[in-house]
Structures are given as structure tokens and as C-alpha cells.
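Colleague: This structure is in C-alpha cells; I'll ask about it shortly.
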Amino acid sequence: MAEEVLRVEHISKHFGGVIALDDVSLSIYKGETCCLVGENGSGKSTMIKIISGVYTPDEGDIYINGHHYKKLTPIEAIREGIQVIYQDFSLFPNLTVAENIAINEQLAAGKKLVNWKEIYSIAQDGLRKVNVSLPLDAIVGTLSTADRQLIAIIKAILAEARIIIMDEPTTALTRKEIDALFRVIHDLKEQGISTLFVSHKLNEVVEIADRTVIFRNGKKVMDQDAKGLDIKTMEFYMTGREIDTTQVVLPETEKVQTPLLKVEKLSLRGIFADVSFELMPKEILGITGLLGSGRTELALSLFGELPADEGKIFIEGKEVKIRQIGDALKNGIAYVPDDRVNQGLFLPQSIGNNLLATIIDHLASSLSFVNAKQAQQTVSRWIKQLEIKTPSSELPVESLSGGNQQRVVLAKWLASQPKILILNGPTVGVDVGSKAEIHQLIREIAAQGIGILLISDDLPELLQTCHRILLMRNGRIVEEFQRTDLSEEQLNTALIAETI
Ligand code: ADP
Ligand code: MG
């Protein structure tokens, strides 16, 4: 058996009422790629912070290279060869590649004078260690995420890492860049460096893991050789249930004379043109297309953020003008953006305040004043209705997992009682378990009589939630599919078909 570099035993960590880790033990062996998997909120990042000395566990022991720690400090962790590649990479954007790579050694040597030759030779040595080339004179701030990540990894190696920890390292990478990263991880292995690869993307885990550890709700629920471990089994351990995607029941669309929403020859110069469709009550209509197809801009037009310059919009048979967001809101249209972090939520604010943000007006107009008790009741009702997992509505939204943040966004908009709900990428960045739950929630929202426009390029998502799917290409609707007997493959072929 390979040498054990790190072992943690019976680790527990609480944050207020939340148990982030509950009696977890785990080891990392020399030269292995250990994947730590779990849904959002399962305790992965907390474990990393404990291993790297950022958090002190409430209980438990840490052993690194045979040394025992009750309270590990960040400096001790670094001395023991624990290196974390943080999402911001902790680089100096104004310095060059060479300077960034060499800076630690220069600082450690206490050099006051900059010796360019030495900086270059350290940097070149670093690049050789991962078998990549980067322009040494380039300013780091101008490089791609993937290149900056590489620099962070090289720095970790030069700092004599024995374990390199990567927390969701592929989030902002393209497929090609992910392949390059995986090659680097293989090189690390050959040098006897272990990687702790933290992710909830199971297809990547299948590709890269020697051993897989799964957390669920702060507990370790699986730890085994990755060979023969398939995605379905991992999903089962992550969520504690089988996810059945085959038996989805959509609400029956209401057969009415006048559609809830009718769009006629809507155009926005240079962006999309001649878009026409109808949406019925209880219907979930998918709009898909590649990036740049105009799908998001169409949604923004209907929401008044990018008003169309031609065409007509009818709501329940009555023509309406939507020139600004206020017009959309007045007409019962709500829009949930794909970028919930920047557009949908005030992260540092409490869950309660976020929920109330859009209804304050509604409450204030229908009642003569908003009293704290009513507000609290409304918040509690939504937390219960959408099953938002939190010990208190007073906590900041940023304390929630991605799936639960998305529920807060949905609740916030549902509270304004829209007739038409536009969802853009509703499960982007959400883990598998919460994803299935959000899909169920979308179907339930539709069943209440709301018409939903679901903009997405996640094909399984479209197939599991939409009655019909419109395909956009170069700003036009080029095809309409009925969900029944449409396969993912057919939809994919149509999506990526060459544009003429
Ligand atoms: P993961 O990385 O698997 O998504 P985390 O370790 O970030 O999970 O979080 C585990 C749990 O601990 C979550 O419920 C999260 O909300 C909570 N948590 C994590 N860090 C903090 C913190 N600094 N304060 C309060 N709660 C926290
Ligand atoms: Mg995390």
C-alpha cells in the first residue's frame, strides 16, 4: 500500500446550528488523485479549510507526514506540503508570469534586488515540471483562467507541495482546458504529488479519480477505489436516492381560447428577428440555442430590459407595450436570470430580506403598511413552500448552497404572483440532487396555472421539463419540437447543426 501522506480522524465542525462536518475520517496516499465528491453544502470546502489550517475543527485529529496536530495553522500546513489552489489563484495580476512563479522563492530568500536571470530560471524550471509553456513576460492579469490556474499549480509545486488541493477547479474552464489540467494532474502523480480534486461534476470524477470519497450532509458516505464506480452509483451516494429521469409527469396544459402570452414577429435589430410563438397557462415552453443565438436577449426583451423594436406582445389577448422592466412587472412577467449571484440575489443580505425584495411593494400597496410580523410570516411561508434548507431566515443568502440560493430567487419572484415566469438557465451551477428538485418545483409552479418560458442549453433539463421546445439560431426560431418522442440525441443534432 502506498504511503499515507495525510490522515484526518473523527473531524467535526459546526457553524452555528449547521453541522458542516460530522465525525469524518479520511486519508490521502502518496501520488494518488483522490476525488472528494458531494452536493453543494455537503462539507467539501470545510474539509479543505481544515486540512489547510484555515479552520480549526471542533473535534478530531490531523496527521500529516506522521506529525500529529490538534490545531493546525496555515503556516504549519504549508510547511507540511499542503497547497490549496484557490478559485482566485492568489496571483499578482500586474506582474508577469515569471515574476508570479518566482515570487515566493524570491521572498523566502529575502532578496531586495530583482535578479531577472534567476527569476527566469525559476519560472522555466517550474514550467518544465508541468510540461507546459507559457509566455514568461506576459502580464498575468491578461491571461485566461486556465493559464492562471496553471501558474498557481506551478507555484504550489515549487513550494514543495506533497498534496495539491483543487476546489472545483474546472468551473470556469473549457473542455480543452480541462483536458490540459488533467494532463498536469497526471504529471503531478508521476512526481509523487497527491491531488485532492474536489468536484460535483461526476463525468470528470470518472475520468480522473484513483479513489473517490463521497460526502453527504457533512458525513462521509463512501470511500473506495474509483475503478468500476459509475455515475449512477455516485449519484445515489451523493443524494441518498435513485434519480429517475424517465418518469416525469408534466402538468396538463390548459386548453384555452386565448393564450397567456402571444408574441408576434418580435424583432430587435441585429440580435433577433421575426420571433413568434404562443404560451398557454400551465405550459412550460423551452427556448434553446447556442450561445449567441439570441435566446437570452429574447427573454430580456420580454422583460423590458432590452425592448424589442418591432413586433407585438399580447398578454391574455390584450396587446401590451413592454418598454421597460416596470411594464413587464405590471403585466405579470417575472424574469429569473442565469447569473443569480450577480443579478438575482444580494448575497450578504439575509435570506428573509432577499425573499421580501420584490414583494415589499406588493405588500405595501395591498396593506396600509408592512409590519414586521407579516413580513416574517411571508418569509416563513416561502421557506417552507420551497423547502429552503436553512436554520434561520436571518442568515445571509451566501451561507446557502447553490440549489438553495436558486430556491430563494424563485421564491422571491413567485411571491410577486407572476402570470408568466421566464427562467434563464435555472440550474446552472446547481448539483444533481437539487437539480432534480428544482425541475420538480418548476413543474409544480406551472401546475398552478403559471406559464413558464425556460431558456436553457441543458438538453436533459429541457426534455424533463418542457412541453415544447423552440430552437433558436442566429436570432431566429428555426424549429419547434414536441417533447413526446424527442430524444436527447435528436435535439443535440439540431442544436449544433451547421448554420447556413
Ligand atoms: P461544499 O463545499 O460541499 O459545498 P461547505 O463545506 O461549503 O460545502 O458547507 C457545508 C455547510 O456548512 C453548508 O451548510 C454551509 O452553508 C455551511 N457553512 C460553510 N461555511 C460556513 C461559514 N463560514 N459560516 C456558516 N456556515 C457555513
Ligand atoms: Mg465548496
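Every read-out reported here was derived from the displayed coordinates using simple, explicitly stated rules and does not represent laboratory data. Owing to the predicted nature of the structure, the values given are computational and were not obtained by experimental measurement. Virtual Cβ from ideal backbone geometry, glycine too; neighbours counted across all protein chains shown.
Colleague: Estimate the FRET efficiency between residue 256 and residue 10 by the formula 1/(1 + (r/R0)^6), using the beta-carbon distance for r and 45 Å for R0, to the nearest 0.05.
Modeller: For R0 = 45 Å, the calculated efficiency reads 0.15.
Colleague: Could I ask something else about it? Within region 261-499, what percent of beta bridges assigned by DSSP are antiparallel, to the nearest 5?
Modeller: Just about 55 percent of them are antiparallel.
Colleague: Next question, about the same structure. Say R0 is 30 Å: what FRET efficiency, to the nearest 0.05, do residue 23 and residue 380 get from their beta-carbon distance?
Modeller: 0.40
Colleague: Please list the non-local residues whose amide H lies under 5 Å from the amide H of residue 431, H modeled 1.01 Å from N, same-chain partners needing a gap of 5 or more.
Modeller: Close amide H contacts, sequence-distant or interchain: 40, 403.
Colleague: Distance in nm between label sites at residue 373 and residue 58, each 7 Å beyond Cα in the beta-carbon direction?
Modeller: Going by the 7 Å Cα→Cβ label model, 3.4 nm.
Colleague: Compute the Cα gyration tensor for region 75-157, then decide on rounded, prolate or oblate, letting a ≥ b ≥ c be the square roots of its eigenvalues: rounded whenever a/c is under 1.5, prolate when a/b is larger than b/c in the other cases, and oblate in all that remain.
Modeller: Judged from the Cα gyration tensor, region 75-157 comes out rounded (a/c under 1.5).
Colleague: For a 19 Å ceiling on Cα separation, which of these pairs sit above it: 155/220; 49/176; 129/201; 282/384; 49/220; 44/219?
Modeller: The pairs that break the limit, which is 19 Å between Cα atoms, are 155/220; 49/176; 129/201; 282/384.
Colleague: Note the full-extension length gain between residue 330 and residue 168 as 0.36 nm times their separation in residues minus their Cα-Cα distance, in nm to one decimal.
Modeller: Using 0.36 nm per residue and subtracting the Cα-Cα distance, I get 54.3 nm.
Colleague: Mind ranking 484-492, 464-472 by how tightly packed they are, going by the mean number of other C-beta atoms within 10 angstrom, highest first?
Modeller: 464-472, 484-492
Colleague: Taking Cα atoms, how many degrees apart are the long axis of helix 432-447 and the longest axis of the chain, rounded to 10 and kept between 0 and 90?
Modeller: With both axes taken from Cα atoms, the answer is about 10 degrees.
Colleague: If you take every DSSP beta bridge fully contained in the chain, what fraction is antiparallel? Give it as a percent rounded to 5.
Modeller: Counting only bridges with both partners in the chain, antiparallel ones make up about 55 percent.
Colleague: Turning to a different aspect of this structure: Quick check: from the Cα gyration tensor, does the chain come out rounded (a/c under 1.5), prolate or oblate?
Modeller: prolate
Colleague: If I stretch the segment between residue 207 and residue 225 completely, what's the gain in nm (0.36 nm per residue apart, minus their alpha carbon distance), one decimal?
Modeller: Full extension of this stretch gives 5.2 nm more.
Colleague: May I pose another question? Using only the alpha-carbon atoms, how far is helix 402-414 inclined from the longest principal axis of the chain? Give it as 0 to 90 degrees, nearest 10.
Modeller: The helix 402-414 is inclined about 20 degrees to the chain.
Colleague: Applying the Karplus parametrisation 6.51 cos²θ - 1.76 cosθ + 1.60 with θ = phi - 60° to the phi angles of region 146-159, what ³J(HN,Hα) value in whole Hz is obtained for each residue in order, glycine and proline being reported as x?
Modeller: 4, 5, 5, 4, 4, 4, 4, 5, 4, 4, 5, 5, 5, 7
Colleague: Counting only helical runs of four or more DSSP H residues, what would the 222 nm mean residue ellipticity of the chain come to if each run contributes -39,500 (n - 2.57) and the total is spread over all its residues?
Modeller: -10000 deg cm²/dmol
Colleague: Each residue of region 251-265 in turn: what ³J(HN,Hα) in whole Hz from Karplus with 6.51, -1.76, 1.60 and θ = phi - 60°, glycine and Pro shown as x?
Modeller: With the stated coefficients, region 251-265 comes to x, 6, 5, 6, 8, 10, 5, 9, x, 4, 9, 10, 10, 10, 6 Hz.
Colleague: So who's got an amide H within less than 5 Å of the one on residue 84, skipping anything under 5 residues away but keeping other chains? H placed 1.01 Å off N, in plane.
Modeller: When sequence neighbours closer than 5 places are left aside, the close amide H contacts are 165.
Colleague: Excluding same-chain residues fewer than 8 positions from residue 71, which aspartates and glutamates have a Cα within less than 16 Å of its Cα?
Modeller: Result set, ordered by chain and number: 9, 58, 59, 61, 80.
Colleague: Now for a separate question. Per 0.36 nm of contour for each residue apart, how much would the distance between residue 187 and residue 70 grow if the chain were fully extended, relative to their Cα-Cα spacing?
Modeller: Result: 38.9 nm gained on full extension.
Colleague: Along Cα→Cβ, 7 Å out, is where each label goes; now give me the distance between the ones at residue 417 and residue 398 in nm to one decimal.
Modeller: Placing both labels 7 Å along Cα→Cβ, they lie 3.5 nm apart.
Colleague: Residue 419: which aspartates and glutamates have alpha carbons under 13 Å from its alpha carbon, excluding same-chain residues fewer than 8 sequence positions away?
Modeller: 283, 316
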